[in-house]
Amino acid sequence: MKMSELKPGDQGVVMAVNAPGEIAQRLFDMGLIKGTHFKVLRKAPLGDPLEIKLRGFLLALRMKEAECVSVARREAVE
């Protein structure tokens, strides 16, 4: 599934980044590499951008970028 399909409160793990050159490198530089766990915090009122928490920081992604990230949903861990 794509990261853009997740809803606020969902948690997941990055499986792959399927984006062209510079966009993929930018996503990798921001910490979106295979195996990274994250939580979707919120979406803007019109759905763009998406805010996630990963590796101890908050990251806002455009939906176009989030569509390039393949993820697996995981059960909530408190």
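The values are calculated or read from the model by the stated rules, or taken from the named source; none is laboratory data. What you see is a predicted model; the values in this text were computed from it and never measured. Note that each Cβ is placed from the backbone with ideal geometry, even for glycine, and that neighbours are counted across all protein chains shown. SASA here: full protein model, heavy atoms, side chains in, ligands and nucleic acids out. Shrake-Rupley method; radii C 1.70, N 1.55, O 1.52, S 1.80 Å.
Scanning segment 44-71 for residues that are over 24 Å from Gly21 (Cβ atoms), open to solvent by less than 70 Å² (accessible area, probe 1.4 Å) and either at pLDDT 90 or above or part of a strand (DSSP E or B) (or both) turns up just one, Glu51. Residue-level check: of (1) within 11 Å of the chain's Cα centre (by Cα); (2) surrounded by 13 or more Cβ atoms within 10 Å (Cβ to Cβ), Phe28 misses just (1). Cβ separations smaller than 6 Å between residues 6+ apart or across chains give the following pairs from segment 57-73 residues that are more than 15 Å from His37 (Cα to Cα) to residues that are of a type outside the set (D, E, K, R) and part of a loop (DSSP other than H, G, I, E, B): Ala60/Pro49; Leu61/Pro49; Arg62/Pro49; Cys68/Asn18; Cys68/Ala19. Can you find a residue in segment 6-15 that is free of Cβ contacts under 8 Å to residues at least 12 places away in the same chain and either of a type in the set (D, E, K, R) or in a helix (DSSP H, G or I) (or both)? No, because not a single residue in segment 6-15 is free of Cβ contacts under 8 Å to residues at least 12 places away in the same chain and either of a type in the set (D, E, K, R) or in a helix (DSSP H, G or I) (or both).
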